[in-house]
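Enquirer: Below you'll find the structure I mean.
The values are calculated or read from the model by the stated rules, or taken from the named source; none is laboratory data. Please read these numbers as outputs of a predicted model, since none were measured by experiment. Each accessible area value is taken on the protein alone, full model and side chains, heavy atoms only, with ligands, DNA and RNA left out. Shrake-Rupley method; radii C 1.70, N 1.55, O 1.52, S 1.80 Å.
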Amino acid sequence: MKSILVVRHCKASGQERNAVLTKEGLQQSHDLKNFLMNKPVDRIISSPFTRAVDSIEPLAKFKDLPIETDDRLAERILSSKDHPEWLKLLEHSFYDFEAVLEGGESNRKAMERVRPLLKEIIATPYQCIVLVTHGNLMTLLLKLFDERMGFSEWKALSNPDVYEVTVQEESSIQRIWK
């Protein structure tokens, strides 16, 4: 049995690639380490975004594991332009997986981006892998294991958040963050 711990980053100062964790987010990163420290983690892969790497750094240091970064875990870009109605546009993208805005990526493309990474992870000998990502991509990644994941599940995510995917004949997902 293989376990994939899918982690949403801690609270950050913004959405840009180099946004840092807030003071609360820094504390959350230590809470996250304490929450995951007894899990038999043997590999950590993170989005290259600063807030994702910084969220898992305390656990990586505690476990003496490197943080591998992978662009396939980067957040899905809804659009390169600001849209006051971004929440409605995001919701629409969960009903029309081909919907794409200027400078953005469709949900379908984002899922196609992360699917090969999951296949690679499942094929490796590692038994407990942490993947650190962002809310939208986390929801889409989990949807690859459970089609019920959608907009309402995205809205229910917290910063941070943790789901455990158990990979065997029948995969299952469970929110474990409290």
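Enquirer: Classify segment 35-86: rounded, prolate or oblate, from the alpha-carbon gyration tensor (a ≥ b ≥ c, eigenvalue square roots; a/c under 1.5 rounded; otherwise prolate if a/b is larger than b/c)? Show your work: numbers first, answer last.
Expert: On the way: a/c = 3.32, a/b = 2.58, b/c = 1.29.
Prolate shape, in that a/c is at least 1.5 and a/b is the bigger ratio.
Enquirer: Compute a Gaussian network model of the chain, connecting alpha carbons closer than 10 Å, and tell me which residue from Leu101, Leu131, Leu32 fluctuates the most.
Expert: So, out of Leu101, Leu131, Leu32, the one fluctuating most is Leu101.
Enquirer: Right, next: Given a cut-off of 27 Å, name the pairs among Lys39/Lys109; Lys109/Lys178; Lys63/Lys155; Lys2/Lys88; Lys23/Lys155 whose C-alpha atoms lie farther apart than that in the structure shown. Numbers along the way, then the final one.
Expert: Details: Lys39/Lys109 32 Å; Lys109/Lys178 31 Å; Lys63/Lys155 31 Å; Lys2/Lys88 36 Å; Lys23/Lys155 23 Å.
Violating the 27 Å Cα-Cα cut-off are Lys39/Lys109; Lys109/Lys178; Lys63/Lys155; Lys2/Lys88.
Enquirer: Where both residues lie in the chain, what percent of DSSP beta bridges are antiparallel, nearest 5?
Expert: Working: 12 of 25 bridges.
If I count the DSSP bridges inside the chain, around 50 percent turn out antiparallel.
Enquirer: Within the P(r) computed for segment 65-178, what percentage of the Cα pairs occupies the region above 20 Å? List each step's numbers first, then the result.
Expert: Values: 2717 of 6441 pairs.
Tail of the P(r) past 20 Å holds 42 percent of the pairs.
Enquirer: To the nearest 10 square angstrom, what accessible area does His30 show with a 1.4 Å probe?
Expert: Taking all protein chains as shown, His30 has close to 90 Å².
Enquirer: Same structure, new question: Using a 1.4 angstrom probe and counting only protein chains, how large is the accessible area of Ser13 in Å², to 10?
Expert: So the heavy atoms of Ser13 present about 80 Å² to solvent.
Enquirer: Connecting C-alpha atoms closer than 10 Å in a GNM of the chain, tell me which of Ala19, Ala123, Ala99 has the biggest fluctuation.
Expert: Ranking Ala19, Ala123, Ala99 by mean-square fluctuation puts Ala123 first.
Enquirer: If you don't mind, another one. From largest accessible area down, sort Val114, Val20; use a 1.4 Å probe on the protein chains.
Expert: Values: Val114 0, Val20 75 Å².
The residues order as Val20, Val114, largest area first.
Enquirer: Output needed: percent of Cα pairs per 10 Å distance bin for segment 1-121, bins running from 0 to the one holding the longest distance.
Expert: Calculated P(r), rounded to whole percents: 12, 36, 34, 16, 1.
Enquirer: Would segment 7-59 count as rounded, prolate or oblate if I go by the C-alpha gyration tensor, calling it rounded below 1.5 in a/c and otherwise prolate when a/b exceeds b/c, oblate otherwise?
Expert: On the way: a/c = 3.13, a/b = 1.50, b/c = 2.08.
Here segment 7-59 falls in the oblate category.
Enquirer: Still on this structure: Determine the gain in length on full extension of the stretch Asn38-Leu87; use 0.36 nm per residue of separation and subtract their C-alpha separation, reporting nm with one decimal. Before the final figure, lay out the partial values.
Expert: On the way: separation 49, 0.36 × 49 = 17.64 nm, distance 3.66 nm.
Result for the pair: 14.0 nm of gain on full extension.
Enquirer: Take the solvent-accessible surface of the protein heavy atoms, probe 1.4 Å, and return the percent of it on the chain that carbon and sulfur atoms account for. Before the final figure, lay out each step's value.
Expert: Working: 4590 of 9170 Å².
Of all accessible area on the chain, carbon and sulfur atoms account for 50 percent.
Enquirer: Ok, one more. Taking all protein chains together and a probe of 1.4 Å, list Asp71, Asp82 from the most accessible to the least accessible. List each step's numbers first, then the result.
Expert: Values: Asp71 100, Asp82 150 Å².
Accessible-area ranking of Asp71, Asp82, largest first: Asp82, Asp71.
Enquirer: Which order do Arg51, Arg8 take by accessible area at a 1.4 Å probe, largest first?
Expert: Details: Arg51 0, Arg8 35 Å².
Correct descending sequence by accessible area is Arg8, Arg51.
Enquirer: Turning to a different aspect of this structure: Can you give the relative contact order of the chain as a percent, counting alpha carbon pairs under 8 Å and 6+ residues apart? Kindly include the intermediate steps, with their values, before the conclusion.
Expert: Working: 334 pairs, mean separation 57.7, N = 178.
The value is 32 percent.
Enquirer: Whole number in Å², please: accessible area per residue of the chain, 1.4 Å probe, ligands, DNA and RNA not counted.
Expert: Values: 9170 Å² over 178 residues.
Value for the chain: 52 Å² per residue.
Enquirer: Could you pull the accessible area for Phe35 with a 1.4 Å probe, rounded to 10 Å²?
Expert: Estimated to the nearest 10 Å², Phe35 gives 70 Å².
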